[in-house]
Amino acid sequence: VVHFFNWVGLAISGLSLTMLNVDKLIYFRWPLSYDRFMSKKKAIMLCVLIWSISLGFISYCWIDQVVYIHSNDCSLQMTHGKKFFYEIFIVLFCVMPVTSSLIVSIYLFKV
C-alpha cells in the first residue's frame, strides 16, 4: 500500500508541476488572452484529468502486476518484459515536469 501511494503521489505531483508550468507559460506569453485560455472550470477539469491519468496508470501497473512486492524483503520488483512501463513512468511523471520547469525558466529569463 505504501509503495502504491508513493507512486500515485509522485505521479500527481509531477503532472501537477507540468500543468503549473504550462499555466505560467500561457500567463507570461499571452497575458491579455489568459482569461480566454484559463478558467476555474478548465482548472477543475485539468485537476480531474491529472488525478485520473495518475491513478489509472499506477492502478494498471499494480493490477496487471507490472510491479509487485517481493515477499522476502518487501522491495518493489518489476516484471520481466514489462519494464517499459517504468520508463514511461519516469519520462511522464519525473523527466517531463523537470524539463518543463527548465523550459519555462529559460523563457522567463529571456523575457
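The values are calculated or read from the model by the stated rules, or taken from the named source; none is laboratory data. Quantities reported herein were computed from a predicted structural model and do not represent experimental measurements. Quick reminder, even Gly has a Cβ in these numbers, built from the backbone with ideal geometry, and neighbours come from all protein chains shown. Ligands, DNA and RNA are stripped out before the accessible areas are found, and what is left, the full protein with its side chains, is counted by its heavy atoms. Shrake-Rupley method; radii C 1.70, N 1.55, O 1.52, S 1.80 Å.
Looking only at segment 64-111, count how many residues are charged (D, E, K, R), more than 21 Å from the chain's Cα centre (by Cα) and part of a helix (DSSP H, G or I).
So the count comes out to 1.
Can you confirm whether Ile63 is free of Cβ contacts under 8 Å to residues at least 40 places away in the same chain and surrounded by 12 or more Cβ atoms within 10 Å (Cβ to Cβ)? Talk me through it step by step, then tell me what you get.
Details: free of Cβ contacts under 8 Å to residues at least 40 places away in the same chain: yes; surrounded by 12 or more Cβ atoms within 10 Å (Cβ to Cβ): no.
Judged against the criteria, Ile63 is not a match.
Suppose the filter is closer than 30 Å to Met78 by Cβ, in a helix (DSSP H, G or I) and either at pLDDT below 90 or not aliphatic (A, V, I, L, M) (or both); does Ser16 pass it?
It is true that Ser16 is closer than 30 Å to Met78 by Cβ, in a helix (DSSP H, G or I) and either at pLDDT below 90 or not aliphatic (A, V, I, L, M) (or both).
Could you give every pair whose Cβ atoms fall below 9 Å, whose first residue belongs to segment 18-45 and is in contact (Cβ under 8 Å) with a residue 24 or more places away in the chain, and whose second residue is open to solvent by 50 Å² or more (accessible area, probe 1.4 Å) and not in a helix (DSSP H, G or I), counting only separations of at least 6 or pairs across chains?
Phe28/Val111; Arg29/Val111
Between a first residue in segment 99-111 that is closer than 12 Å to Leu17 by Cβ and a second residue that is aliphatic (A, V, I, L, M), which pairs have beta carbons less than 6 Å apart while being 6 or more apart in sequence or on different chains?
That search, which allows pairs on different chains as well, returns Val104/Leu25.
Every residue, every condition in (1) open to solvent by 90 Å² or more (accessible area, probe 1.4 Å); (2) out of contact with any Phe, Trp or Tyr (no Cβ under 7 Å at 6 or more places or on another chain); (3) closer than 25 Å to Val1 by Cβ, yes or no:
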| residue | (1), (2), (3) |
| --- | --- |
| Asn21 | no, yes, no |
| Ser33 | no, yes, no |
| Ile44 | yes, yes, no |
| Gly56 | no, yes, yes |
| His70 | no, yes, yes |
| Ser75 | no, yes, yes |
| Cys94 | no, yes, yes |
| Ser101 | no, yes, no |
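I'm checking my understanding of the structure. Among residues of segment 23-42 that are out of contact with any helix residue (DSSP H, G or I) (no Cβ under 7 Å at 6 or more places or on another chain) and closer than 19 Å to Ser101 by Cβ, which one is modelled with the highest pLDDT?
Out of the qualifying residues, it is Asp23.
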